[in-house]
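Asks: The following block contains the structure, expressed as structure tokens.
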Amino acid sequence: MLGFGLLGFAMERLSIPTAPAVLAVILGPLAEASLRRSLLISRGEFGYLFQSPISLVLIAVILLMIGVPLWRIATGRRKKSVVPIDPEATS
């Protein structure tokens with residue numbers, strides 16, 4: 001219990017969001033079990049995971065969600081910030 005408290009404190013100090021870490025701890029074993037079951041059904045072939053159209057769409061969406069922010073960082077593009085106009089400065 002003390003270890004998790006210290007881990008949470010360290011994550012807060014380093015501005016690391018705790019919600020994704022909690023989700024990973026909860027959903028990680030479920031995803032691993034499902035992957036293991038899928039690989040047993042397909043006799044170890046990873047190509048089986050890419051045959052369904054819905055899985056291809058989900059993989060494409062995941063790659064876009066990871067790739068677009070990385071591409072923006074690499075090219076130096078940022079969201080344009082909106083600067084409020086001061087009515088007294090324009091008159």
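The values are calculated or read from the model by the stated rules, or taken from the named source; none is laboratory data. Only a predicted model underlies this, so the values are computations on that prediction, with no experimental measurement involved. Cβ placement follows ideal geometry from the backbone for every residue including glycine, while neighbour counts extend to all protein chains displayed.
Asks: Is there a residue in segment 30-40 that is surrounded by 10 or more Cβ atoms within 10 Å (Cβ to Cβ) and either aromatic (Phe, Trp, Tyr) or at pLDDT below 80 (or both)?
Replies: No: segment 30-40 contains no residue that is surrounded by 10 or more Cβ atoms within 10 Å (Cβ to Cβ) and either aromatic (Phe, Trp, Tyr) or at pLDDT below 80 (or both).
Asks: Of the residues that make up segment 8-21, is at least one of a type in the set (Val, Ile, Thr), surrounded by 10 or more Cβ atoms within 10 Å (Cβ to Cβ) and either at negative phi or modelled with pLDDT of 85 or more (or both)?
Replies: Among the residues of segment 8-21, at least one is of a type in the set (Val, Ile, Thr), surrounded by 10 or more Cβ atoms within 10 Å (Cβ to Cβ) and either at negative phi or modelled with pLDDT of 85 or more (or both), which makes the answer yes.
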